[in-house]
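The values are calculated or read from the model by the stated rules, or taken from the named source; none is laboratory data. Keep in mind the model is a prediction, meaning the values are calculated, not measured. Glycine also receives a Cβ, built like all others from the backbone with ideal geometry; neighbour counts cover every protein chain displayed. Heads up: the accessible areas ignore ligands, DNA and RNA and are worked out on the full protein's heavy atoms, side chains in. Shrake-Rupley method; radii C 1.70, N 1.55, O 1.52, S 1.80 Å.
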Amino acid sequence: MFSFVIRYFGFLKFVPGLALVFDNWLKIHTLLTRPDLLDWLDAIETEADKWENVTISTHKYGGTQFNYGGKEIGHIHSNGLLDMLLSRSIKQQLMQQGRIQDHHSFKNTGWISFYIHTKRDAGYALHLLQIGHERLSKGSVSNICLPEAY
Amino acid sequence: MKQIFTPLIKGYLFSNLFAFALMGITKLFIPSSDSVLIFSEFVIIPFLMGIISTWFWRKRELRSRRLMWYSCINVFIAIGLSALFLKEGSICLLIVSPLLWTFITAGAFAGQKMFERSNNTLNISVVALLLLIFVADSLSQHNYENEVSDQMVINAPVSEVWQHVVAFKRIKKENKYWLFKIGMPSPVESTVDGYHLGAKRKCIFSNGYTFDEKIVTYNVNQNLTFDVTHQPRDPEIMGHIDILRGQFLLKDNGDNTTTLIGNSWYRLYVFPVWYYDIWAQSITRNVHLRVMEHIKELSENK
């Protein structure tokens with residue numbers, strides 16, 4: 001459904017406020033179908049908020065955006081879809097772990113997408129955001145290995 | 001008293017009180033708005049209701065799931081109060097509810113973000129801007145008319161179809177359209193007091209409501225156009241839309257079949273048009289189809 005709307009009605013995101021309304025519908029849908037996801041998204045937000053120089057805002061096309069010093073680390077839509085911009089080499093390495101996908105709209109770029117379906121996925125999403133944070137704060141990523149817990 | 005007026009109850013109470021007070025004041029000072037429900041009443045007010053409720057809930061630091069549930073309860077309270085005080089019917093409330101769900105919950109989350117930042121200047125600016133939009137919208141003229149057209153091919157000559165267009169026997173077939181199935185009145189019969197220009201026609205609906213019509217074009221086997229001279233005021237959809245004119249055009253296809261075109265013109269009294277016109281078109285289309293399918297059946301079974 002999300003992919004269908006993005007594909008055929010994506011152009012409407014330029015109407016002010018409409019993407020935010022759409023994200024709110026996603027939130028209502030999530031409440032009715034996967035209410036736990038809302039708790040996991042809150043937990044990610046709470047945790048990321050503790051990181052150095054990280055601010056949280058509303059993404060221009062709906063969802064929660066995580067920023068480092070004014071630059072976007074990534075954003076999560078209310079259906080649990082995490083979108084992030086990484087370098088192509090980091091993306092390549094992460095793709096080999098088999099959990100992330102090409103971004104749902106921007107193929108062949110550093111953008112990735114990751115769907116949060118379980119609590120374990122929420123942990124992995126946080127791990128991905130940490131990689132993004134490290135990339136922006138230190139200019140490089142020392143270790144993208146997956147912690148065992150995830 | 002403190003135990004009754006908890007922040008949770010205050011959130012529900014004051015957000016709904018605000019909404020009804022604002023609507024009441026608008027009706028009082030802008031009499032022309034009496035019969036029209038505007039965009040702001042379905043978008044800006046619910047959004048402000050969400051913000052107001054979270055102002056009372058801000059110290060509880062609600063998680064998203066709980067805030068969503070609280071806001072959903074607020075939607076149900078608003079719907080219940082609308083039924084009670086605005087005398088809206090259940091189908092009307094069903095139609096309006098997606099807007100209330102969307103904007104009350106959106107307002108609640110916007111409010112949560114606003115009050116987290118504790119930037120009073122920004123918060124007051126946002127609320128003032130929303131109120132400004134409400135005032136501007138309330139003072140604006142609202143007028144919207146549209147036409148819906150449908151057609152179908154009937155395997156009968158025009159002379160046969162014409163007889164059933166002017167008036168038709170009671171429709172006994174079950175309704176297919178989901179809104180008709182859940183109780184929205186559907187057309188069941190049409191009567192006429194004469195087959196000539198100026199004759200009075202009646203379109204009778206399933207709940208007994210009657211639309212009085214006057215034939216203004218009577219070209220046998222070609223064109224039947226009628227103006228609606230009186231329509232019932234019903235708590236359901238009827239109070240929010242006026243059917244102005246109806247028309248049946250018949251085209252002889254030359255192969256013993258007829259193309260029947262049904263046209264209706266209506267005026268909306270509820271806004272935003274981008275939302276309500278979808279419903280108006282859907283309902284009008286299904287009124288057409290129910291009548292036209294009946295005419296097709298009567299004509300083809302002759």
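Can you tell me how many residues within the range A:31-58 are within 12 Å of chain B (Cβ to nearest Cβ) and not hydroxyl-bearing (Ser, Thr, Tyr)?
16
Of the residues that make up the range B:61-68, is at least one open to solvent by less than 60 Å² (accessible area, probe 1.4 Å) and not in a helix (DSSP H, G or I)?
Yes, some residue in the range B:61-68 is open to solvent by less than 60 Å² (accessible area, probe 1.4 Å) and not in a helix (DSSP H, G or I).
This table checks each residue for (1) modelled with pLDDT of 90 or more; (2) surrounded by fewer than 19 Cβ atoms within 10 Å (Cβ to Cβ).
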position	(1), (2)
B:LEU94	yes, yes
B:ILE104	yes, no
B:GLN112	yes, no
B:ALA136	yes, yes
B:LEU139	no, yes
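Determine whether A:LEU26 is more than 9 Å from every other protein chain (Cβ to nearest Cβ), in contact with a Ser or Thr (Cβ under 7 Å, 6 or more places away or on another chain), open to solvent by less than 70 Å² (accessible area, probe 1.4 Å) and not acidic (Asp, Glu). Steps first, answer last, please.
Details: more than 9 Å from every other protein chain (Cβ to nearest Cβ): yes; in contact with a Ser or Thr (Cβ under 7 Å, 6 or more places away or on another chain): yes; open to solvent by less than 70 Å² (accessible area, probe 1.4 Å): yes; not acidic (Asp, Glu): yes.
For A:LEU26, the condition - more than 9 Å from every other protein chain (Cβ to nearest Cβ), in contact with a Ser or Thr (Cβ under 7 Å, 6 or more places away or on another chain), open to solvent by less than 70 Å² (accessible area, probe 1.4 Å) and not acidic (Asp, Glu) - is met.
B:ASP255 versus (1) open to solvent by 60 Å² or more (accessible area, probe 1.4 Å); (2) assigned to a strand (DSSP E or B); (3) not basic (Lys, Arg): which is the lone unmet condition?
Just one mismatch for B:ASP255, condition (2).
Within the range B:149-190, count every residue that is acidic (Asp, Glu) and part of a loop (DSSP other than H, G, I, E, B).
Number of matching residues: 1.
Which ones in the range B:49-60 are open to solvent by 20 Å² or more (accessible area, probe 1.4 Å) and under 13 Å from B:VAL127 (Cβ atoms)?
Selection gives B:ILE52, B:TRP55.
Return yes or no: is B:LEU122 within 14 Å of another protein chain (Cβ to nearest Cβ), in contact (Cβ under 8 Å) with a residue 40 or more places away in the chain and not acidic (Asp, Glu)?
no
Give the residues of the range B:11-38 that are in a helix (DSSP H, G or I), over 18 Å from B:GLY80 (Cβ atoms) and open to solvent by 60 Å² or more (accessible area, probe 1.4 Å), sorted by residue number.
Hits for the range B:11-38 are B:ILE25, B:LEU28, B:PHE29, B:PRO31, B:SER32.
Within the range A:13-23, which residues are open to solvent by 50 Å² or more (accessible area, probe 1.4 Å), within 11 Å of another protein chain (Cβ to nearest Cβ) and more than 17 Å from the chain's Cα centre (by Cα)?
Within the range A:13-23, A:VAL15, A:LEU18 qualify.
Pick from B:ASN207, B:ASN221: which is modelled with pLDDT of 95 or more and either surrounded by 16 or more Cβ atoms within 10 Å (Cβ to Cβ) or outside the structural domain of B:SER90 (by TED's automatic domain parsing) (or both)? Please lay out each step first, then the result.
Details: B:ASN207 fails: modelled with pLDDT of 95 or more.
Going through B:ASN207, B:ASN221 in turn, the sole match is B:ASN221.
Quick check on this structure: which one of B:PHE29, B:PHE76 is of a type outside the set (A, V, I, L, M) and within 14 Å of chain A (Cβ to nearest Cβ)?
That would be B:PHE76, the only listed residue that is of a type outside the set (A, V, I, L, M) and within 14 Å of chain A (Cβ to nearest Cβ).
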